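Participant: Below is a structure I'd like to ask you about.
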Amino acid sequence: MNILYDARLDGELIDRDKREVLDALEHAAPTLTLLSREEDLRPFECDGLAAYRVLPMLVALPENLEQVEALLKCCFELGVPVVTRGAGTGLSGGALPLEQGVLLVMSRFNKIIDVDPDARLARVQPGVRNLAISEAAAPFGLYYAPDPSSQIACSIGGNVAENAGGVHCLKYGLTVHNVLRVDVLTIEGEHMTLGSEAFDAPGFDLLALINGSEGMLGVVTEITVKLLPKPTVAKVLMASFDDVEKAGRAVGDIIAAGIVPGGLEMMDKLAIQAAEDFVRAGYPLDAEAILLCELDGVEADVDDDCETVRRVLERAGATDIQQAKDEAERAKFWAGRKNAFPAVGRMSPDYYCMDGTIPRKELPRVLKGIAALSEESGLRVANVFHAGDGNMHPLILFDANKEGELELAEDVGGKILELCVAAGGSITGEHGVGREKINQMCSQFQADEITVFHAVKAAFDDKRLLNPGKNIPTLARCAEFGAMHVHNNDLPHPELPRF
Amino acid sequence: MTEPATDPATRAPDRDISEALCQQVANAYQSRAPLRIKGGDTRAFYGRPVEGITLDMAEHSGIITYDPVELVVTVRAGTRLEALEAALKEQHQMLPFEPPRFGQASTIGGAVATGLSGPRRPWAGAARDFVLGSHVITQQGKLLRFGGEVMKNVAGYDISRLMTGAQGTLGVLADISFKVLPLPAATDSLRLDDIGIDDALKTLSTLGREPLPITGAAWHQNALFLRLEGGQSSVKATRERLGGETLADDFWTQLRDHQHDFFTLKSGQALWRASLPPHTAPLDIDVDEADSFYDWAGSQRWIKTRDGEALRRACQQAGGHATCFTPAAMGGTDSPFTPLDPVVEKYHKRLKAELDTHGIFNPGRLYAGL
């Protein structure tokens, strides 16, 4: 099954002449920057999931609301699909363009409109970088909590679209927990405000619905986020284990002791080696796994908690426990974790990052399953894990120049996600479904559930013009995917035609 | 027979009647007969009255799974809040959003359907923030699963959070999974007297910029009430810094459940809930100061008034909204909730039409025609 848009499985799209669309958009929004030459379109052919590339028909770079509104109305009229893109750092191909569609790039919406320290909120445009919000809030002792690893580059609009997480989710929540209000343009070009600067708004919680909706329900044009006071101190403990399962159990023991760490991360041996080779974080190369446990808050509480966690780790069989002596060492410990992806990238020409979540107690079983898949396929897998909230990032190492290895990596990835679903988890914790995991959605959800998702989509965009082919598979796609995974001769969705 | 350690009255009976509930919904869909979804019936006063055949959720009760180490509990909608919270407390855990109880029979399903949260909301989050997943009965009487029992899950649209606060108008919540948290290691509450509302708001704004363990902040009649929760050391240090008189812990449950004396209405008055951006100055409305109670550090204000329309206008001007919390007290009202902006209303109606085509789920509970 080809991962690129397949009209047979993903639904027919109207094939408009490029010149016609360009003329119509130039007429509708005369000041709008539009790119149409191949060399100008090339930089936009993929997002952070670079294995999949498609040249869009056109790229639009609006600078004001009027231009976005005019563009949407025009595309709605013509039946031309619109894919919205922020910084393009997404890892699931959520901003993968369509040949027949316009790529709406929101990166010029990059202003921080207001930081209000008394109300502890910031109003920002969607193209503002995640980290820039915390930087703007820093003079007031405040910050924006969700911190995806790409926070230097990723934009807040994309964070809303993907409901982005980070290493501090267990304590501080995902994007959905930290956004108070969004302004949205519908595909019909209507303005809508969802949520409020107050803690709630009348009616349905459409704000929660739009978070993580992957650009399928509307285009986010402004965001109000909650700011938090910066914790006075943060201290980090690093524990080594001679056994991955022991490390997994230690995670549960910390939680059971009534501690909710700011961050609780785990890395396995291959990831430790990669990180150590790359940034010299001081990780123990002989360990099978390490845990990084960050405790933040008021100094006296943090000291008490560090003591408790140290005792828990000792009892859990840690072979070594180090507490970062100072801020420099804390930064060093984290540098290894935060650079784990590029570090693994140095070990292999290509890697493929998965994003499944599982109940924490299933960790040993799932890790064993991953090891078996790695052995069977001959592809190495490094495991980096937001252990506190059960979000795994297995990194599958491969070489795309070797015949069949990309397909093999995708196959192993798909099987890892199915392991997660079977363990009671999810195919994606924070990277989103996008195009990448569109088939695995059929493993996590039944046809009736997918039908409900389509109903929600239809309420906002019944012509299926916003980001078609992402996030929610068609039942035809699931039937085709299911046909490849027939168990006990039970053909899923027997009512649907096969391709 | 050995008795369980806790009072058996607070244990939730383990009964799964989802099949019967699905059948009843399927029948209603077939015959296009509206349903009035009812749990403990303690929140019936809230919103617009619904005419329909009762879909009784109270029998559908019990904790399905609870693993304290995972910080996740999954519970049937008809489970009494009292029973659920007792079970969590045994493991030193809690529902951080402090759902109000308006009677012993209050259920967790009703708490999520109304989406109301208690005094801890500004610091910990709202009901919807702790909902991880749910099983929902759809209009065709199918029991479907959305979200899950893991902390992070961004697969598909967030149907569970959409259902939170929708008051059963989009589907029936059959069971719900929550993220739970450990009970705070230490707690202390205090009262600061002789402080006017302007000074109180200023103080709260200043304190709010510091990482202090505040998890409750209310003001009424020149007294500022604060709750501290967190580690022993920080709670003790903060209490020493702030001083004040010690406040009984049950102050916060009385406020949460509207048991405080303030909530007694005079004839003709209705109780209104004003939801406002943080740090909104006192509203310019003709209401006795004694008839206002500030919660959520000023973001949620309970106001007793005979003139709700003036209050609603003032709230909207300030960027918030106002709800008539006890419509019956003013002889009923067509719009207890602030009317929606026309575009937002259009998409509400489209969602309703998609998920409840024949209008069988609590029709008109939130708004006429929805």
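Participant: Please compute, for peptide A:298-305, the average count of beta-carbon atoms on other protein chains lying within 10 Å of each residue's beta-carbon.
Facilitator: Counting other chains' Cβ atoms within 10 Å and averaging over A:298-305 gives 6.
Participant: If contacts are Cα pairs under 8 angstrom and at least 6 residues apart, what is the relative contact order of chain B in percent?
Facilitator: It rounds to 18 percent for chain B.
Participant: Next up: Output the peptides A:18-26, A:60-68 sorted from most to least packed, where packing is the average of other Cβ atoms within 10 Å over each peptide's residues.
Facilitator: Top of the packing list down: A:60-68, A:18-26.
Participant: Here's a follow-up. Under Stokes-Einstein, with the Kirkwood radius over Cα pairs standing in for Rh, what whole-number D in µm²/s applies to segment B:126-266 at 4 °C and 1.567 mPa s?
Facilitator: On the way: Rh = 18.1 Å.
Using the Kirkwood radius from Cα pairs, D works out to 71 µm²/s.
Participant: Next question, about the same structure. Between A:Glu307 and B:Asp194, with labels modelled 7 Å along Cα→Cβ, what's the label distance in nm to one decimal, could you check?
Facilitator: Between A:Glu307 and B:Asp194, the label points sit 3.9 nm apart.
Participant: Right, next: Please rank B:Tyr46, B:Tyr29, A:Tyr352, fewest neighbouring Cβ atoms within 10 Å first, as an exposure proxy.
Facilitator: Arranged by neighbour count, lowest to highest, B:Tyr46, B:Tyr29, A:Tyr352 become B:Tyr29, B:Tyr46, A:Tyr352.
Participant: Roughly how many nanometres apart are two label points built 7 Å out from the Cα toward the Cβ at B:Gln140 and A:Asp448?
Facilitator: Label-label distance for B:Gln140 and A:Asp448, simple model: 0.8 nm.
Participant: Once each part is reduced to its C-alpha centroid, what is the distance from segment B:70-107 to segment B:270-341 in angstrom?
Facilitator: 29
Participant: For chain A, what is the convex hull volume of its Cα atoms per residue in Å³?
Facilitator: 154
Participant: Under 21 Å Cα-Cα from B:Lys352, which lysines qualify once same-chain neighbours fewer than 8 residues away are excluded?
Facilitator: A:Lys457, A:Lys463, B:Lys38, B:Lys142
Participant: Suppose we take every Cα in the protein assembly as shown and form the convex hull; what volume per residue is that in Å³?
Facilitator: In the protein assembly as shown, the Cα convex hull volume per residue is 171 Å³.
Participant: Here's a follow-up. Stretch B:Gln221-B:Thr246 to full length: gain in nm at 0.36 nm per residue minus the Cα-Cα span?
Facilitator: That works out to 7.3 nm of additional length.
Participant: Then there is this: Straight-line reach only, C-alpha to C-alpha below 28 angstrom: list the lysines that B:Lys266 could link to, leaving out same-chain residues fewer than 8 apart.
Facilitator: B:Lys304
Participant: For B:Met94, A:Met441, what's the fewest-to-most ordering of other Cβ within 10 Å of each Cβ?
Facilitator: B:Met94, A:Met441
Participant: Counting other beta carbons within 10 Å of each Cβ, put A:Glu39, B:Glu149 in order, fewest first.
Facilitator: A:Glu39, B:Glu149
Participant: For A:Ala153 and A:Glu39 in one chain, what is 0.36 nm times their gap in residues minus the Cα-Cα distance, to one decimal in nm?
Facilitator: Gain in length upon complete extension: 38.7 nm.
Participant: Starting from the Cα gyration tensor of segment B:186-256, take the square roots of the eigenvalues, sort them a ≥ b ≥ c, and report rounded, prolate or oblate (rounded when a/c is under 1.5, otherwise prolate if a/b is larger than b/c, else oblate). Mind showing how you got there, number by number?
Facilitator: Working: a/c = 1.69, a/b = 1.19, b/c = 1.42.
Oblate.
Participant: Please report Rg over Rh for segment A:112-229, where both radii come from the alpha carbon positions and Rh follows the Kirkwood definition.
Facilitator: 0.94
Participant: Rounded to a whole number, what is D in µm²/s for segment A:349-422 from Stokes-Einstein with the Kirkwood radius over alpha-carbon pairs (4 °C, 1.567 mPa s)?
Facilitator: Using the Kirkwood radius from Cα pairs, D works out to 106 µm²/s.
Participant: Here is a further query. Let me know the shape class of segment A:191-239, please: from the alpha-carbon gyration tensor, a ≥ b ≥ c as square roots of the eigenvalues, rounded when a/c is under 1.5, otherwise prolate if a/b is greater than b/c, or oblate.
Facilitator: Details: a/c = 2.97, a/b = 1.99, b/c = 1.49.
It comes out prolate by the Cα gyration axes.
Participant: Also, quick follow-up: Using C-alpha positions alone, give me the convex hull volume of segment B:212-370 per residue in cubic angstrom.
Facilitator: On the way: hull volume 24.9 nm³, N = 159.
Cα-based convex hull of segment B:212-370, divided per residue, equals 156 Å³.
Participant: Here is a follow-up. So what is log10(I(q)/I(0)) for segment B:56-109 at q = 0.15, 0.18 1/Å, when the Debye sum runs over its Cα atoms only?
Facilitator: Listed by q, the Debye log ratios stand at -0.38, -0.55.
Participant: In the protein assembly as shown, which cysteines lack any other cysteine Cβ under 4.7 Å from their own?
Facilitator: For the protein assembly as shown, the answer is A:Cys46, A:Cys74, A:Cys75, A:Cys154, A:Cys169, A:Cys293, A:Cys306, A:Cys353, A:Cys420, B:Cys22, B:Cys315, B:Cys324, because their Cβ atoms have no other cysteine Cβ under 4.7 Å.
Participant: Hey, how many Å between the Cα centroid of segment B:350-364 and the Cα centroid of segment A:107-154?
Facilitator: 38
Participant: Residue-wise, which Karplus ³J(HN,Hα) couplings in Hz belong to segment A:432-446, taking 6.51 cos²θ - 1.76 cosθ + 1.60, θ = phi - 60°, and x for glycine or proline?
Facilitator: x, 7, x, 8, 4, 9, 4, 6, 5, 4, 5, 7, 7, 10, 7
Participant: Which lysines have a Cα lying under 21 Å from the Cα of A:Lys338, excluding residues fewer than 8 positions away in the same chain?
Facilitator: A:Lys171, A:Lys230, A:Lys235, A:Lys269, A:Lys325, B:Lys152
Participant: Placing one identical point scatterer on every Cα of segment A:233-341 and ignoring solvent, what is log10 I(q)/I(0) from the Debye formula at q = 0.11, 0.15, 0.21 Å⁻¹?
Facilitator: Calculated log10 I(q)/I(0) at the listed q: -0.29, -0.56, -1.09.
Participant: Let me check the size of chain B from its C-alpha atoms; what are the radius of gyration and Dmax in Å?
Facilitator: 21.0, 65
The numbers here are math on the coordinates, done by the rules we state, and not lab data. Note that this is a predicted model, so its numbers are computed, not measured. Note that we place each Cβ from the backbone using ideal geometry, even for glycine, and neighbour counts take in every protein chain shown.
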